[in-house]
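What follows is a set of notes on a single structure, which appears directly below.
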Amino acid sequence: MGEFAVGQPVPRFEDVRLIQGGGRYVGDMVFPGTAFGYVLRSPHAHARIRKIDTTQAKAAPGVLAVITGADYKAAGFGDLPVPGGLKRRGDTPGYKPRYPALVEDRVRMIGDYVAFVVAETYFQALDASELIEIDYEPLPATVSTGDAMKPDVPLVWDDCPNNVGFIQIEGNKEATDAAFAKAVHVVKHHFVINRVTAATMEPRGCIGLYEPTEQRYTIYTTLQRTNVFQTELSQYVLKVPDNKIRVVCGDIGGSFGMKSAVYNECALVLLAAKLIGRPVKWVATRSESFLCDAQARDNVTDAELALDKDGNFLGFRARIIAAIGAYLQVGMPAFTGNLGSLAGVYRTPASYVDVDAVYTHTQPVRPYRGNGRPEAAYIIERMVDLAADQIGMDPAELRRRNTIPTSAMPYKTSVTFTYDCGEFEKNMDMALDAADKGGFESRRAQSKKNGKLRGLGFSNTIERSAAPGLEGAEIRFDRTGSVTILSGSINQGQGHETTFKQVVCDRLGLDPKEVTYVQGDTDQVFFAEGTGGSRSAAFSSSAFTLAADKVEAKGNAIAAHMLKVDLADIKFNEGLFSTQKSNQTLTIKEIAKASLDPKNLPAGMEPGLIEKAIYTGKAASYPNGCHVCELEIDEETGTVEILNYNVVDDVGTVLNPLLLHGQVDGGIAMGIGQILMEDIKFDTEGQILTGSFMDYAMPRAGDMTGFHVESNPVPTKTNLLGVKGAGEAGCVGAMPAVANALVDALSVLGIKHVEMPATPEVLWRAIHEARSKGA
């Protein structure tokens, strides 16, 4: 529909409200009689609790309740949900520990949940928490992921040997070993993927309410999947039917996967609301978020790549130890479902990947933007650059020699994924041309004169998005002919309202100003799985398309009846039902109004123009692309300046190029952040050393550059609109591209690899050590 059609760069409709302070965030919400909660957290990463005395705290001014683990258990509330179906070696069940909302006798991470204090004000709750007397017996802690399986390290759970929670193995070991046996070149490297945190703009928060006459709970919280969250909360924690709990989320200031889980605080505010008969609110402080938010990445990988004499890939294998943290959250094992990204865009005949997921005395690890794909892309793309260096071949030529050709699609890789379509080599050619790779050496020479080390790195990356699943959507015309669209997906900044209005308005010829968007309320949205894994564009847009098809079909039937012509004589275009037989027309708004009068309807038709749809996605899509990063390193300070960044992405049909650019830019920033500065650090006793933005470095505008983003769309047939998810693509491509650019800059000093995060200090030391060795 003209300027609002699919494919047009429509600015976000929601931005006007948000930039004028009209956001509906949990932190802004206060209900009549609201009380405030504060979580007392463990100062130890591992300790036995000998005694808890809450007597003084309960008597403190304004205190309404003090809840301990024993109180929580006595109230009949259940533990937080934990995923099942995981396996350990020998085909034995994975280790599935309890996940208590409040610990009862032992803490297993810094910041673990010991007590919940509710008072008239937040500061009264905080003050009262300091009056709780706890006798801790500190115990040794296991913090390092790489050391977690070693003999004699402290166990996180006494009945979980070697701290191994579950494993995942993919590929063919025999075929891979045979490939390595005949290889002329074998490239090996040890990678440490560091731990990071989401650091969302809006901290987590929740408000719990309880209606005793209906025995019904309501939770306002920050999440990505209302209806699934409702079921997990009702079945595991509250032990009531779904219809006894309403889940509502307003605007979400970023999530990236972190906010998806049922967190302890949600259970605690609901219990407290039931106990005191008032709404109870909790919102994390920024420092508290470093202790209570699930974190991400954190694995150690030993990778090997086998090549023949001509540089053709023969085999790939990896041994991975991945962190779980102290508790197993729902969704955490999902990263192992993305091991397929280790295959990259290459036709490696044989691969074998062996993963141990281990418990440590640290925060739980869960899906975070890319969820295993950025780490996998980083490993395979660094291995290709290392291989190119080892055999003396240009990195672009080595990639070109091994890239899966378009003619081979669909292509089953040796690590689980089957790519349906893509033009991988074209992506690389377009991106390298845009980056002017041919002129790079002259630019490098100029940088050298200025005391700078210049590097160019790139990555050909692919990821899986929109894994098989369901999503719901509803289009509801009211008595005035205006429209409400209701989405199962949850917007956390991606621009869902704009995108889905485009899809519906383009399809039905509507004015977006007359369309209201609703999300995130289980009392309003009839069915939802929610947002995650770059699925919304594929699933929700397809669901809205199905619902729009139903609206058109019903409108055609009503128009034929009202205009007294056959159904086949009705044509629908740009919101207008017409017939050539009489040159009469009816707008979709007129049809909507008329649909409420039974005399305007064919016999047996239900009144109203309200249609719902649930889309079933049966196959994943595979967004792919090439990122090229050019940067300089100051030899005297180790400071990095990103000079140019070019991206060519294939995300299939582009629904809104403006929003696509924003999604790619945001993902690149997160990838750059992890490679250059972001890092969660613990000491040997499990104390967090990066517990604020004074210690945890986040990328700022000055650390970025303008990103040039082009599209090479190859529409997929896996969904109705041909889209491939874009939300995580930027992060997947950025990590290896920036890492490769750093190494390219340092290669003149003989440096082959730099671990993340490559802070100025790390780079300065690497430069000076290399110079010392050279001298």
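Summary of computed values
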{"item": "Proximal charge balance of Arg771 [Cβ under 13 Å; K/R count +1, D/E count -1]", "result": "-1"}
{"item": "Whichever aspartates and glutamates have a C-alpha closer than 16 Å to that of Lys717, once near sequence neighbours (fewer than 8 apart) are set aside", "result": "Asp420, Glu423, Asp650"}
{"item": "Region 293-437: relative contact order as a whole-number percent, Cα under 8 Å and 6+ apart", "result": "26"}
{"item": "Normalised alpha carbon radius of gyration of region 237-336 [divisor 2.2 N^0.38 Å]", "result": "1.68"}
{"item": "Region 561-668 - Debye-derived log10 I(q)/I(0), Cα point model, q = 0.11, 0.21 Å⁻¹", "result": "-0.68, -1.13"}
{"item": "Value of Rg/Rh across region 617-693 [Cα atoms, Kirkwood radius]", "result": "1.11"}
{"item": "Relative contact order (%) - the chain, alpha-carbon pairs under 8 angstrom, separation at least six", "result": "15"}
{"item": "Local electrostatic count, Ile134, Cβ distance below 13 Å [Lys/Arg +1, Asp/Glu -1]", "result": "-3"}
{"item": "Within region 495-583, trypsin sites (Lys or Arg not before Pro) in DSSP loop having at most 16 other beta-carbon neighbours inside 10 Å", "result": "Lys564, Lys581"}
{"item": "Over region 248-398 - Rg/Rh using Cα atoms and the Kirkwood inverse-distance radius", "result": "1.15"}
{"item": "For region 358-379 versus region 555-578, the gap between their alpha-carbon centres in whole angstrom", "result": "54"}
{"item": "Aspartates and glutamates whose Cα lies under 15 Å from that of Lys581, excluding same-chain neighbours fewer than 8 positions away", "result": "Asp566, Asp569"}
{"item": "Three semi-axes of the equivalent ellipsoid, region 69-146, Cα gyration tensor, whole Å, largest first", "result": "31, 18, 11"}
{"item": "Entries of Lys239/Lys550; Lys96/Lys681; Lys96/Lys259; Lys244/Lys281; Lys437/Lys724; Lys259/Lys618 with Cα pairs more than 31 Å apart", "result": "Lys239/Lys550"}
{"item": "Heavy-atom accessible surface of region 305-422: percent carbon and sulfur, 1.4 Å", "result": "54"}
{"item": "Antiparallel bridges, percent of DSSP beta bridges restricted to region 443-594 (to nearest 5)", "result": "70"}
{"item": "Candidate lysines for bridging to Lys173, where Cα separation is under 18 Å - those fewer than 8 sequence places away on the same chain excluded", "result": "Lys182, Lys188, Lys412"}
{"item": "Volume in Å³ per residue [convex hull over Cα atoms, computed for region 1-117]", "result": "281"}
{"item": "Estimated vicinal HN-Hα couplings, Hz - region 167-177 in sequence order (Karplus 6.51, -1.76, 1.60; Gly, Pro = x)", "result": "10, 8, 10, 10, x, 10, 5, 4, 5, 5, 4"}
{"item": "Viscosity 1.567 mPa s, 4 °C: Kirkwood-radius Stokes-Einstein D of region 495-599 over Cα pairs, µm²/s", "result": "85"}
{"item": "For region 453-458, 3J(HN,Hα) per residue [Karplus equation, 6.51 cos²θ - 1.76 cosθ + 1.60, θ = phi - 60°, Hz, x = Gly/Pro]", "result": "9, 9, x, 10, x, 8"}
{"item": "Radius ratio Rg over Rh of region 40-196, counting only Cα atoms, Kirkwood formula for Rh", "result": "1.15"}
{"item": "Residues with amide H under 5 Å from that of Phe682, placed H, sequence gap 5 or more", "result": "Leu689"}
{"item": "Long-range amide H partners of Gly253 with built H, under 5 Å", "result": "Glu202"}
{"item": "Amide H within-cut-off set for Gly325, under 5 Å, with H built and near neighbours excluded", "result": "Thr360, Val365"}
{"item": "In nm, spacing of pseudo-spin labels at Thr684 and Lys449 (7 Å Cα→C-beta vector)", "result": "5.2"}
{"item": "Region 565-632 - percent relative contact order, Cα under 8 Å, separation 6 or more", "result": "15"}
{"item": "Backbone HN-Hα couplings from phi across region 144-160 [Karplus 6.51/-1.76/1.60, Hz, Gly and Pro as x]", "result": "6, 4, x, 9, 4, 8, 5, x, 6, 6, x, 8, 6, 10, 4, 9, 10"}
{"item": "Listed peptides 433-444, 459-470 by packing density, highest first (mean Cβ within 10 Å)", "result": "459-470, 433-444"}
{"item": "For the chain, calculated [θ]222 nm from helices alone, where every DSSP H run of n ≥ 4 adds -39500 (n - 2.57)", "result": "-8500 deg cm²/dmol"}
{"item": "Net charge over other residues, Cβ less than 11 angstrom from the Cβ of Val262 (K, R count +1; D, E count -1)", "result": "-1"}
{"item": "Along each principal axis, Cα extent of the chain, largest first, Å", "result": "93, 73, 53"}
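The values are calculated or read from the model by the stated rules, or taken from the named source; none is laboratory data. Keep in mind it's a predicted model, so treat the numbers as computed, not measured. Don't worry about glycine lacking a Cβ; one is built from the backbone with ideal geometry, like all the others, and counts go over all protein chains shown. All accessible areas refer to the heavy atoms of the entire protein, side chains included, with ligands and DNA or RNA removed. Shrake-Rupley method; radii C 1.70, N 1.55, O 1.52, S 1.80 Å.
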